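Here's the structure, in structure tokens; my notes come after.
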Amino acid sequence: MPDKLIRLSKSCLSEAEKNAVMGVLDREFLGMGTEVRQFEEMLTDFFGRPAVCVSTGTAALHLALQAADIGAGDEVLVQTLTYIASFQAISATGATPVPCDVDTDTLCLDWRDAEKRLTSKTKAIMPVHYAGGVGELDEIYAFAKKNSLRVIEDASHAFGTTYKGKKVGGFGDISCFSFDGIKNITSGEGGCVVTDDEKVLQNVRDARLLGVEKDTEKRFSGERSWDFDVTAQGWRYHMSNIMAAIGIEQLKRFSNNAIKRQKIALLYDSYFKDIDVEIIHHNYKNVVPHIYVLQLPDGVDRFLIRDKLRIDGIETGVHFKNNHHLSLYNSAAQRIDKAEKIFETLLSIPLHPDITEQNVWKVIDSIRRLL
Ligand SMILES: *Cc1c(COP(=O)(O)O)cnc(C)c1O
């Protein structure tokens, strides 16, 4: 085993994050307060419209759905090729996730397939910005408008991506981001909901604090409510000052890290575009990639390749198992052709800001030899 594993993804932290966390610990105000307010203000500046911070990306999706009045008896269209978080957030509201196929070029939601799965119960659509690209987002919005659906974007992979000159999160209905340890920016764990729908914003602000009305304003001035009313189901989903302190420093360093991610993806592209593997053809001027995904040619044993790369000191991943193959969401009777075929070929290779160019070439070299 080589001594230094090239990791698939990881948190990339500097002294700034460590000092910021120490600052919060020194002030002994760890819960939701000043740092969370500051992080929300910075995110609001970044997106150009209000952001509300929560404890995870999953919580962001859950609260966004709830605030959009999605619940028991409703159906939500979502691509089956996504992290389990998208599906769990939908079922947490009591609604049913309806697995849909993906577009073969982008691995994002195929709205033409989603259209076939519309019923009188369909209330929303959740496009997942797979790997950092957004697919046919304009067409998805047009489809949603035509069918009176809410759009809750799972933008967990797409922090920093722009679409037709607009920042993801800066337009559309509701966008949800994740700041878990390996995403484009991290706050340890964390996430946010971005929208300009005032009702949704207020609902999310309250629901993250157990439904306590207007508790957010109290917490931001170092107080807590006691004489309050609760009118809706809430959750313990707020962000802590420790998390926000990390997020603030990550956001300050984001443009640098975004460029590093883009450069690595471009290096991979320059090699893989000419050989017998499929890649996602992103324009990395606009896309800030969260993962770099290969589709291996037919007949290649993915497990063998993964084992051999591991021996070369290269960690790989598979994003993701199709959710309709999980027991809880099993719709085995339903065929979702493209996603099923694509899943068998997927292999994610190392991508994070700390990978050196030398190591990128090492990954490329190993894969070339193995294929
Ligand atoms: C990371 C991720 C989420 C949210 O994850 P959390 O770990 O809860 O922050 C949601 N959807 C996708 C596709 C993700 O990759």
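The values are calculated or read from the model by the stated rules, or taken from the named source; none is laboratory data. Every value quoted in this text rests on a predicted model; they were computed, and no experiment measured them. A quick note on method: Cβ atoms are made from the backbone with ideal geometry, for glycine too, and the neighbour counts reach across all protein chains shown.
So here's what we get for this one:
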{"item": "Candidates Ser55, Ser86 - the one that is under 21 Å from Ile336 (Cβ atoms) and of a type in the set (S, T, N, Q)", "result": "Ser86"}
{"item": "Residue check for Asn322: under 21 Å from the mean Cα position of the chain (by Cα) and loosely packed, with under 12 Cβ neighbours inside 10 Å", "result": "no"}
{"item": "Counted residues, the stretch 198-221 - those being free of Cβ contacts under 8 Å to residues at least 40 places away in the same chain and within 10 Å of Ala67 (Cβ to Cβ)", "result": "2"}
{"item": "Residue list for the stretch 138-157, restricted to those being out of contact with any Phe, Trp or Tyr (no Cβ under 8 Å at 6 or more places or on another chain) and farther than 17 Å from Asp110 by Cα", "result": "Ser148"}
{"item": "Which listed residue, of Asp307, Asp298, is farther than 30 Å from Lys167 by Cβ, out of contact with any strand residue (DSSP E or B) (no Cβ under 9 Å at 6 or more places or on another chain) and part of a loop (DSSP other than H, G, I, E, B)", "result": "Asp298"}
{"item": "Top-ranked residue of the stretch 25-61 - restricted to ones that are surrounded by fewer than 24 Cβ atoms within 10 Å (Cβ to Cβ) and of a type in the set (S, T, N, Q), ranked as farthest from the ligand (Cβ to nearest atom)", "result": "Thr34"}
{"item": "Tally of residues being surrounded by fewer than 24 Cβ atoms within 10 Å (Cβ to Cβ) and more than 9 Å from the ligand (Cβ to nearest atom) across the stretch 69-86", "result": "7"}
{"item": "Out of Phe272, Phe320, sole residue that is of a type outside the set (Asp, Glu) and out of contact with any Ser or Thr (no Cβ under 8 Å at 6 or more places or on another chain)", "result": "Phe272"}
{"item": "Qualifying residue in the stretch 231-250 (condition: hydroxyl-bearing (Ser, Thr, Tyr), in a helix (DSSP H, G or I) and under 22 Å from the mean Cα position of the chain (by Cα))", "result": "no"}
{"item": "Test: residue in the stretch 155-164 that is within 23 Å of Val293 (Cβ to Cβ), part of a strand (DSSP E or B) and more than 15 Å from the ligand (Cβ to nearest atom)", "result": "yes"}
{"item": "Filter result for the condition that a residue is within 16 Å of the ligand (Cβ to nearest atom), β-branched (Val, Ile, Thr) and not assigned by TED's automatic domain parsing to the domain that holds Ala155, over Val293, Val300", "result": "Val293"}
{"item": "Criterion (of a type in the set (A, V, I, L, M, F, W, C) and closer than 22 Å to Cys100 by Cα) met by exactly one of Ile280, Ile367", "result": "Ile280"}
{"item": "Residue match in the stretch 224-244 (condition: crowded, with 16+ Cβ neighbours inside 10 Å and of a type in the set (Phe, Trp, Tyr))", "result": "yes"}
{"item": "Residue in the stretch 325-334 that is surrounded by 19 or more Cβ atoms within 10 Å (Cβ to Cβ), assigned to a helix (DSSP H, G or I) and either in contact with a Ser or Thr (Cβ under 7 Å, 6 or more places away or on another chain) or among the aromatic types (Phe, Trp, Tyr) (or both) present", "result": "yes"}
{"item": "Any hit, the stretch 309-319, residues being on the phi > 0 side of the Ramachandran plot and either at pLDDT below 95 or more than 16 Å from the ligand (Cβ to nearest atom) (or both)", "result": "yes"}
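Okay, residues lined up against (1) within 12 Å of the ligand (Cβ to nearest atom); (2) part of a loop (DSSP other than H, G, I, E, B); (3) small (Gly, Ala, Ser):
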residue: Gly169; (1), (2), (3): no, yes, yes
residue: Gly172; (1), (2), (3): no, yes, yes
residue: Phe177; (1), (2), (3): yes, no, no
residue: Ile182; (1), (2), (3): yes, yes, no
residue: Gly188; (1), (2), (3): yes, yes, yes
residue: Cys192; (1), (2), (3): yes, no, no
residue: Lys199; (1), (2), (3): no, no, no
residue: Asn203; (1), (2), (3): no, no, no
residue: Asp206; (1), (2), (3): no, no, no
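Every residue, every condition in (1) outside the structural domain of Ser225 (by TED's automatic domain parsing); (2) free of Cβ contacts under 8 Å to residues at least 24 places away in the same chain; (3) not in a loop (DSSP other than H, G, I, E, B), yes or no:
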position: Leu43; (1), (2), (3): no, no, yes
position: His62; (1), (2), (3): no, no, yes
position: Leu81; (1), (2), (3): no, no, no
position: Ala85; (1), (2), (3): no, no, yes
position: Thr104; (1), (2), (3): no, no, no
position: Ser120; (1), (2), (3): no, yes, no
